[in-house]
Structures are given as structure tokens and as C-alpha cells.
Amino acid sequence: MSDDLAERARSFGSIAEDYERWRPGVDPAVAEWFVPDPIGRAVDVGAGTGKLARLLVGRAAEVVCVEPDERMRAVLARSVPEATVLEGAGEHIPVEDASADAVLISSAWHWMNHAATAAEVARVLRPGGTLGVVWSGVDWTSEWFREVRARVEADQTARPSGLITALVDRASTDDNTHVLELPTDAPFSAPERRWVSWDLPMSADELVGLLGTVSGVIVLPEDRRRAVIAEVRDALRTYGDLDGDATVSLPFRADCWRARRTGG
């Protein structure tokens, strides 16, 4: 991993409270697809503040959360008191061999060494156990964002920042940006893929707060970070009619992958 990516991967702990407040987490249907029937132990790796882990409570007799950042772990332990919270990472999962029925990774696989993580997951999963990987977020192809984009493009005086461009110009995002690719010799079945969609009402404060938890924004110098957030808020007001208590129903989606641990 490059130094830039490593800095971004470590950045989330500095805004752990904001991450818990503004990140909406995934729809319960994601957890249901990964864990359709009651299981013994589920391990959430790169658990963050427990957005996925809280959906596993009741589906698994034991929920173990593995998170490398102590600031995220502090919020996680408070947010999901039913879970066991451990220091660790995808490349080092501090649980016993063949002790887990599911290992789940939410919006964190791309920060991990894939070969090392696949080997660790294979070590801790029981035969037949599930590796589940998900990426989730706003569906930037929605009608509302297309309308915002059209208004920006029609305004000859608009000079949007890179962040605003990212906000209104995601329609061309490749659905294959996030793919679960496992080493050919890893003891897993071929990964299955499923999309899960849902809607959430979002205010300007909530959308700006969410954007403020993106790693590329977190690592900006504080003055630049404040400036781009202010630009986004102004763009939402000017081009999206989103201000104050007003809300818009935005579609979210999750790109879900799962594979089974093979072997005896």
C-alpha cells in the first residue's frame, strides 16, 4: 500500500465520533444475505464503529469485532456493547483456528492486503463458513444527483471544486470498482455477488456530514477541509434546493460478495 493510501486508511480514527454520527451503515438485508440462519460466531473485521456488527447481534450467538484503531474501538465498544472488541486487522485476526462461522468485512477490504487477509480468514473460518465483503454508500446514479449535475453544467458561472464534481458527477462510476478477488489457491468457493438497495431521507447537514467522513476529505489540511465542505453546502443549497430542515430521499446501495470456506 502506498504512503498516501496508508495515511487515508489510518485517517478514520481521527473522526471516529463523526463516523458513528454521519455514516448510515448498511440495510439489514445485507446482514440477512450473509447470515440467513442463526450461527455461533461472527467476526466483523475492520469493524469501524460497528455499523455492520450491530446487525449481527441476534443473528450470531457471539459477535467479535476486530478493529486496528483504538479510537474507533472506543466508539465501537460503546455503540455495540454486546460485541467482543479486539485489536487486530485483516492480516491478523486474533481468534482461534476454525472458530468462526462467518467473517465479514464492510467497506474495508480495499485497505487490506488481500492475499494475507484471505489466508487469515481461511484459518479462522470453519469449513462451510462464510466470507462476506460489502461496499456501501449513496447511489450516485440517482435522479436527484443527475438533476444537480444538470444544473451545475447549465450554470456558466459555476466553478465547482473537485469535491463538488465528485458529488454530482458519479453517474459514470464503474460497478466493478469494488470486486472480491481471492487468490486462486485460496480455499474458497467462487464468490457470489448481490446488490442491495434502500432509500434514506437526507438533509444537507447529514449529506455534508457523510462527505466529511470520506478519507480524501479527512486528510486535507483543516483550512482546505473547511473550505470544500462550505462549497459543498453552498452547492447543495444552490443546485439541489437542500438547506435547513429540507430533506431529499436518496437511494443507497450495497455491493455484496460472499464465498464459502471449502475443505475439511
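Where a number appears in this text, it was derived from the coordinates with a stated rule and is not lab data. Everything numeric here is computed off the predicted structure, so don't read it as measured data. Glycine also receives a Cβ, built like all others from the backbone with ideal geometry; neighbour counts cover every protein chain displayed.
Computed extension gain for residue 197 through residue 126, at 0.36 nm per residue and net of the alpha carbon distance, reaches 22.6 nm.
Once the Cα atoms are used to define both axes, helix 222-240 deviates from the longest principal axis of the chain by about 70 degrees. In a DSSP loop and with at most 10 other Cβ atoms within 10 Å, the GluC sites (Glu not before Pro) in segment 55-160 are 96.
Estimated purely from DSSP H runs of n ≥ 4, each contributing -39500 (n - 2.57), the mean residue ellipticity at 222 nm for the chain is -10500 deg cm²/dmol once divided by its residues. Using only Cα atoms, tell me the angle between helix 143-154 and the longest principal axis of the chain; keep it within 0 to 90° and round to the nearest 10. It works out to around 40 degrees.
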